[in-house]
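Below is one structure; the comments refer to it alone.
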Amino acid sequence: MSQIGKNIKRIRSTKKLSQSQFAEIFNLTRGSVGAYEEGRAEPKIDTIIQIANYFSLSIDLLLNKELTVNDLYHFDVLNQKLNEAHHFQRPGSKAFRKGGIGFVRIESQLEYIVNHTNRDFISNLPQIELPVNFKGTTRAFELNGSEMEYNQNGLHHGDILLCLHEPLQEFKPHIGNVYVIIRNEAIITRRLRSISGKNIVFASDDPNYPFITANSDEILELWAVKGAYSTYLHPPKMIENRVMLLENRLEELEKRVSGLGKG
């Protein structure tokens, strides 16, 4: 069952928007917003895309996860910190310098698909400066979706992926590597699972998502992910938690033994 109604209500509450104010932003009626929140109707896909883009959320998260206030606060802080940390610049600005990396944000991904061969469009992408020096064509993509996240670990929605171009005619597959795949219908990020002839199979890190098989002729561009920049603090893994508990108990035991020796 879609979580869109609950999430619209949670977004409104967090952003302190009335139903009328929310409706005005997306050219809806107040009654429609009420119907969405009460589960009597669901918005059209165009409206869902607008809501996701406006609040910098993944469509997948908006539909399938009941968002918390902390989730929404995290997205706000993430976008603010990324903007401050990476100094988004456009050609023509005084701060722009050659050597910056073209950056494709979530809201411009469809436009990128249409114009990926347009030199003027590519040269006018926002630029970010990162401390890297790769040989080849580099580009940065903002990750859209939670398919590469599992148990709160991995790549998260909104992370910046630093990528190196992999020309398809010279593609040297590395099983297990993460790639950004540009296709006509979407830009996706997946891990290479297998390759057979022209069929390339990609997998999500979250096992709840199905494999994606793409014919190499259907792929417009392929980018190997070489690094990721995120303000998300990864929680310790289960094994790390156990090690920490054991270390704490050992420290307590050593203190007790030391105390007995003094007595």
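The values are calculated or read from the model by the stated rules, or taken from the named source; none is laboratory data. Since the model is a prediction, treat every value here as computed from it, not as a measurement. Cβ coordinates were reconstructed from backbone atoms using ideal geometry, including for glycine residues, and neighbour counts include every protein chain displayed.
Here is how the numbers come out for the structure above:
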quantity: Residues located in the stretch 35-46, provided they are surrounded by fewer than 18 Cβ atoms within 10 Å (Cβ to Cβ) and either within 21 Å of Ser146 (Cβ to Cβ) or in contact with a helix residue (DSSP H, G or I) (Cβ under 6 Å, 6 or more places away or on another chain) (or both); calculated: Gly39, Ala41, Glu42, Ile45
quantity: Answer residue from the stretch 159-215, given it is more than 21 Å from Ile106 (Cα to Cα) and among the aliphatic types (A, V, I, L, M) and is surrounded by the most Cβ atoms within 10 Å (Cβ to Cβ) among those; calculated: Ile200
quantity: Filtered residues of the stretch 23-47 (kept if over 18 Å from Glu66 (Cβ atoms) and within 26 Å of the chain's Cα centre (by Cα)); calculated: Ile25, Phe26, Lys44, Ile45, Asp46, Thr47
quantity: Scan of the stretch 216-237 for residues that are surrounded by 10 or more Cβ atoms within 10 Å (Cβ to Cβ), modelled with pLDDT under 70 and not aromatic (Phe, Trp, Tyr), ordered by number; calculated: Thr231, His234, Pro235, Pro236, Lys237
quantity: Elements of type helices (runs of 4 or more DSSP H) in the stretch 1-59, at least 3 residues being farther than 24 Å from Ala186 by Cα; calculated: 4-15, 19-25, 30-38
quantity: Unmet criterion (only one of (1) at pLDDT 90 or above; (2) in a loop (DSSP other than H, G, I, E, B); (3) crowded, with 21+ Cβ neighbours inside 10 Å) for Thr117; calculated: (3)
quantity: Unique residue being in the same structural domain as Ile219 (by TED's automatic domain parsing), within 30 Å of Leu67 (Cβ to Cβ) and over 17 Å from the mean Cα position of the chain (by Cα) when the list is Glu185, Glu170, Glu166; calculated: Glu185
quantity: Subset of the stretch 202-219 [within 23 Å of Ser58 (Cβ to Cβ) and without any contact (Cβ under 8 Å) to a residue 24 or more places away in the chain]; calculated: Phe202, Ala203, Asn208, Pro210, Phe211, Thr213
quantity: Count of residues meeting criterion [modelled with pLDDT under 90, not in a loop (DSSP other than H, G, I, E, B) and not hydrophobic (A, V, I, L, M, F, W, C)] in the stretch 93-108; calculated: 2
